Amino acid sequence: MSDLLIKNEAGTRPVATANSNDPIGAQNLRVTNLDPANLIVVGNDYQVGFDDGTNMRGRTCTAKAGNTATFVL
């Protein structure tokens, strides 16, 4: 399981943290333990990568239920 950092679209501000069992380069990156979940909005774009700030890639949130979400390249 990887620890992830989710930043705003520009990559200038952390928005949330999460975990994922999917490879960081997966087309559909499913995340769990989203914290805080209320700041992630379906349809919005984010930079998602490892919690140390590496491998950040632009992704769109396409689904969210509770503290789980899917981000697509």
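Taking a temperature of 4 °C and a viscosity of 1.567 mPa s, what whole-number D in µm²/s does Stokes-Einstein yield for the chain with Rh from Kirkwood over alpha carbon pairs? Translational diffusion coefficient: 113 µm²/s.
Within the shell defined by Cβ-Cβ distances under 12 Å, the residues around Lys7 carry a net charge of 0, with Lys and Arg each +1 and Asp and Glu each -1. Peptides 55-62, 2-9 ordered by packing proxy, namely the average of other Cβ atoms within 10 Å per residue, highest first: 2-9, 55-62. Net charge within 11 Å of Asn44 by Cβ-Cβ distance, Lys/Arg positive one each and Asp/Glu negative one each, not counting Asn44 itself? Value of the local net charge: 0. Sequence-ordered 3J(HN,Hα) estimates for the stretch 50-58 from the Karplus curve with 6.51, -1.76 and 1.60 and θ = phi - 60° stand at 5, 5, 8, x, 8, 6, 6, 9, x Hz, glycine and proline given as x. Phe71 sits among other residues whose Cβ lies under 11 Å from its own Cβ, and their net charge, with Lys and Arg +1 and Asp and Glu -1, is +2.
For the chain, relative contact order (Cα pairs under 8 Å, six or more residues apart, normalised by length) works out to 31 percent.
Laboratory data are not the source of any read-out in this text; all were calculated from the coordinates shown. This structure is a prediction, so every number in the text was calculated from the model and none was measured. Note: ideal-geometry Cβ built from the backbone for every residue, glycine included; neighbour counts use all protein chains shown.
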